[in-house]
Every structure is written in C-alpha cells, then in structure tokens.
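Structure record follows, encoded as structure tokens.
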Amino acid sequence: MAGALASRRKATNLAVAVLASTAAVIALAVLASILWTLLARGLPALRFGILTTSMAPTGENGGLANAIVGSLIQDGIGMLIAIPIGVLAGTYLAEYARGSKLGEVTRFVSDILLSAPSILVGLFVYTLMVATTRSYSGIAGAVALAVIAIPIIIRTTEDMLSLVPVALREAAAALGAPKWKVVTLIAWRAAGAGMLTGILLALARVAGETAPLLFTSLGNLNWSTSLAKPMASLPVAIYQMASSPYEDLVQIAWAGALIITVGVLAINILAQLTVGRRR
Amino acid sequence: MTDITAIDLLPAASGRPRRSLGAERLFGGSVTAMGMIVLGLLSAIIVMLAIGAWPTFRSFGLAFFWNPVWDSVADKYGAGVMVYGTLLSSAIALLIAVPLAVGVAYFLTELAPQAFRRPVGIVIQLLAAIPSIIYGMWGFFVLAPLLAAHFILDVADLFAHVPVLNKVFDYGSGNSVFTAGLVLAAMILPLITAMFVEILAATPVVLKESVYGLGATRFEVVRHVAVPYGRRAMIGAVMLGLGRALGETMAVTFVIGNATRLSPNLFAQGATIASTIANEFSEAGFGSMKLAALLGLGLTLFIISFIVLAASRALVAPRVVS
C-alpha cells in the first residue's frame, strides 16, 4: 500500500510539473506572438519619412512627426509637474508622517490613485480643464499625465527613502544638522539612484498612456505646438490610424507602435540599470 | 515603517539661528503641503465626476447603475450593459490568466534552472511595461481574425444542440466579449505572474526544507507550505490584476465591438464601461445629457475599482510599480 501511495504522489508531482511547463510554454507563445507581430508589421513600415512628416490623410504618405513632438511636449511638461509633487509628497510620507494617522490616509489615497483606471484621470482633467475652458488643450493632456505619474513617483520615493539606514540620519543629526538638511543632504543623496528609477518608471508608464489623452489633448492632425490648442500625441495617433479602414494608415500605426514600445522598453531598461549600478 | 526613531523626535531645529529655522519651516511646510495636495486629489476626482454626472442621476435615479438601456437617440441612459460587459470580460480574463500565472510561477520558482530565473524575471517585468494599446492592436489584427477563422464557429457548432450552452456559445464574431477577455488575460498575465513569483520566492527556506525533510515532493511543498504561507498576498495580487482589467480601455476598445445591447452570448459584440467612454466621448457635446451619462459611467467604474483596490490592499498585495 505504501508503495502505491508513494508512486501516486510521485505521479501527481510529475503531472503538476508537466502542467506548469505547459503553462509556461503557452504564456511564452502568447507574448512571443505579440512581440513578433510588432516587429513583423512595424519594421517594414518604418521609414525615415515617418519621423519628418506630419500626419496626413490616406494616400498622402504622411508620418508621425507632429505626434512624436506632441508626445515629447506633453510627457515633458507632465513630468515637470509630477516630479516635485511626487518627490516631496513621498518625502512627506517617509520622513515626516511616519506613524501618523494623516500619513496613513495619504498613503492609502496614493495607493488608490496608483491603480485607479487611467481613463478616470482623463475624465477628471476633462471636467477640470476642458469643460471649463470649452477647449481641448495640450496642457490638459500634460496635467492628466502628471496625475498618473505622481503616485508612481510617491511610491518609489517613499520605498527608497525607507531603505536608507536610520543610523545615517542620526549621524547627521548628531553633528547638528537640522531635519531639512538631514533629508535633503543625507537621505535624498543616499536614495537618489532609486528615486531616479521611480521617475524613469513613471515616464515609461506615462509615455504609453492613451486613454487619459483622448479627452484632454484630443489629438491633432496638423502641426501644432501651442499648449492651449488640441495637441497630437503618439498613442492617440496610433489609436486613430489603427482603427481607420485604410491600409497605409494602419501600417503607419504599426510603425508608431514599434517606436513607442521600443521607447518605453528602453526607458525601463535604463531604470533597471540605474538600480543595478547602485547595488 | 511605523517605528518611531530618534529622527522623528528631533526637535525641528530648536535653538538654531533664525535663518535655519525659516528653512526648516519652509521645507517641512512644502513637503506637508504636497502630501495634502495628493490627499485632496482623490476627493477632487470623486467630486468632479459626481458633479458632472449629476444630471444623469437626477433624470434616471439610482436605476442608472443597473438599467440595461443605452439609447443615444432617445437620450435615455443606463449603465447595465456596460457593467455586465466589464465584469464578464474581467472574469474571463481572470479565469484564464490566474491558472496560467500559477503554472508559470511554479515553473519559474521550482522547475527552471537557477541561472534562468533572473533574466526571465526581468523579461516578465518588461512585458508588464508594454503599453496596453499594443495588446489592443494585437487582439484586433491577430487574435480576433484567428478566433473567427478557427475557434468560434467550431465551438458554436459543438454546442448547437446543448441547452443553455448554445446560448452562451452562440455564433458571433471575432470581436466579442470573449476576445476582450482573452486580450485582458494576455495583458495581466505578466503582472500577476511577477507578483506570484515574488510571493512564492518569499517563503522561508527553512520552512520548505523541513517539509522536504519529511519526504514531501516538490508539489506538496508548494501546495502545503508556500501557497498557504502566501495565500493572502496571492489573493491580493489577483485583485490587483482584476483592478487593472476592470479599468483597461485601449486593449478592450479595439476588440469588443462596442455594441451596447445585452446578450448572454460570449461571442457577441459587447461593451465595457471604459470602452464605451472612449468610443462615444467624441459624440457628446459640452453640457449634453450624453456627456453626463458618460461621466456617470466613469463614476460607476470608480466605485467598482475602488472596492476591488481596497480589498486588494486589505489583503496586502506586494507593492509592484508599473
């Protein structure tokens, strides 16, 4: 009997190993298919003209230049808004609000914002900045992206600051440094690489966001760098072209998809390297 | 990190020259102010959505949340169809992604050679970072045609004469609630897998070794030690994946067909809350009832995802950024 039980347990163990390996193969196949599609359709469509010409109707050999520039502007301004707010609020949670009820609530709110659907952020900024001015604008897009980036920066800033040894802070305090100097000159410096990683991750996340831009900067077929007017962005341009019935526009969309994925992954790898060098 | 240390007891620059005291107040003040801005952000989102959606609730009452009528022509709106589509597509996504994630996590933590684990872990992290619009395009241009050609007709034929199942798996199109569920599954798979790997790897080695010492197999150790040890965190991770799926816009909008009518058929076109907002927003003028109804949909989505996220946080999902 004991032998039968043992062999049944071994058989179960083997069956689970086979099932788990199958799951791994399926997952790999799906993800390989996605990456392969991206390369197979994106690479042939990629040509220099895409980077130099603006979007155009079908048959006119347009590009994505205005969308790429629009994305860079909105991502840049969004990060300029998000970095100070995120870093300072993260510092508040890690250095000033430890153990306080108010800090606990702020942390909870930040966590909810971190995982809140990005389309809701778009609706929020729409009611705040678009419905009130009756005009879609690039600046509204940048603000929506900032709202998405802020909780990511808060989370990493707080995590990285809490990794800084207390003894380091105490040593500085013992030398007579006031708290703000302890935080800025000791804690920030020690956690700097990690905080930079968080900022890069936030940038990568924001660069690929489409939904919040649909109702804020709207998209624009023409070349425009005015923050008060609707502004094109790469994700929205890809969405518009990919859902059009024209083969040439769909091809440009795939080229754009490849550009945006490579960009996002490059920023992510850069972020991983920043952490790696510190360790 | 709730331990109070000597730093927290440090008097704010007491007995320092006045200049330093000013700097201390300035820095402490601005840091706290930013914290409060973030604190106010969530209430601002709720308030603005509620104000914008107010005309809908005044006209249709609380029945808006479940009424399955979405008629732009008659200007009558209810969220029923979209709530159904949102919950259904997310449920399909979880049913497919969670078993796969468990399998992949088991493979990576128990079966794969040690040298293999770190690079694969990094690849999973990178896949989780791919913008969701890419998953949507893949679903629309690759998966949906594939399903239409090789799956939907066969399955519908198979169940054609089985009661109930012939309604659930009826003839339909490649763009459907089912396809949306599959795309969502592909999208949340890397996210959930990454968290599962982290949870399973966090089991104390001593605990596992002591059960190996009793003669347990690899599977028994995971089943009876690692999984019970990380159960709460694993449920939290699933809830976090669910939260992502519920609110996903781009991956779904491409493949769900955006049809605002109720159908038990998984292969029929449908709509989620997020896909409807994205798809119909351009038709809603400033101050129109339709705009209020779309903001009402947003509020509905907020309530659903808030419940899921609060549950996930209560169950302590690992803190994963991206």
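What follows is calculated from the coordinates using simple rules that are stated; it is not laboratory data. Being a predicted model, the structure only gives us computed values, none of them experimental. Methodologically, a virtual Cβ is constructed for each residue, glycine included, from the backbone with ideal geometry; neighbour enumeration extends over all protein chains shown.
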Practice problem: With a/c under 1.5 counting as rounded, go ahead and sort the stretch A:1-119 into rounded, prolate or oblate using the C-alpha gyration tensor (a ≥ b ≥ c being the square roots of the eigenvalues; past the cut-off, prolate if a/b is larger than b/c, else oblate). | Solution: oblate
Exercise. Please arrange A:TRP36, B:TRP138, A:TRP254 by counting, for each residue, the other beta carbons lying within 10 Å of its beta carbon, fewest first.
Key: A:TRP36, A:TRP254, B:TRP138
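Once the convex hull of the alpha carbons of the protein assembly as shown is built, what does its volume come to per residue, in cubic angstrom?
Roughly 186 Å³ of hull volume per residue.
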Quiz item: Does chain A come out rounded, prolate or oblate, given a ≥ b ≥ c as the square roots of the eigenvalues of its C-alpha gyration tensor, rounded meaning a/c under 1.5 and, failing that, prolate meaning a/b above b/c?
Solution: oblate
Self-check item: Per-q log10 I(q)/I(0), the stretch B:128-223, q = 0.15 Å⁻¹ (Debye; single scatterer per alpha-carbon; no solvent)
Solution: -0.75
Quiz item: Label B:VAL142 and A:ALA40 with points 7 Å out from Cα along Cα→Cβ: what is the distance between them in nm?
Solution: 0.8
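Report the FRET efficiency, 1/(1 + (r/R0)^6), for B:ARG223 and A:ILE26, where r is their Cβ-Cβ distance and R0 is 25 Å, rounded to 0.05.
After rounding, the FRET efficiency stands at 0.70.
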Quiz item: Scattering from the C-alpha atoms of the stretch B:63-314 alone, worked out with Debye: what is log10 I(q)/I(0) at q = 0.07, 0.16 1/Å?
Solution: -0.30, -1.15
Quiz item: Over all Cα pairs of the stretch A:80-132, how is the pair count split among 5 Å bins, expressed in % and running from 0 up to the last occupied bin?
Solution: 5, 17, 18, 22, 19, 12, 6, 2, 0
Quiz prompt | R0 of 30 Å, Cβ-Cβ distance B:ALA91-A:ILE269: FRET efficiency to nearest 0.05 | solution = 0.30
Quiz item: Taking neighbour counts of Cβ atoms within 10 Å as a proxy for exposure, in what order, fewest first, do A:SER162, B:SER263 appear?
Solution: A:SER162, B:SER263
Self-check item: B:LEU26 versus B:GLU110: modelled label distance in nm, points set 7 Å from Cα along the beta carbon direction
Solution: 5.9
Quiz item: log₁₀ I(q)/I(0) of the stretch B:199-322 at q = 0.15, 0.17, 0.21 Å⁻¹, via Debye over equal Cα point scatterers, no solvent, to two decimals?
Solution: -0.82, -0.92, -1.13
Exercise. Fewest Cβ neighbours within 10 Å first, please rank A:VAL275, A:VAL206 accordingly.
Key: A:VAL275, A:VAL206
Quiz prompt | Cα-derived Rg over Rh, computed across the stretch A:2-45 with Rh taken as Kirkwood radius | solution = 1.46
Practice problem: Give me the distance in nm between label points sitting 7 Å out from Cα along the Cα-to-Cβ direction at A:VAL105 and A:LEU163, one decimal. | Solution: 3.1
Quiz prompt | Directionally averaged shadow of the stretch B:41-182, computed from the convex hull of its alpha-carbon atoms, nm² | solution = 14.0
Quiz prompt | Label zone at A:LEU80, where the point sits 7 Å out along the Cα-to-Cβ direction: the stretch A:128-166 residues whose backbone N lies under 16 Å | solution = A:138-147
Quiz item: Summing +1 for each Lys or Arg and -1 for each Asp or Glu, what net charge is found among the other residues whose Cβ lies under 15 Å from the Cβ of B:ALA93?
Solution: 0
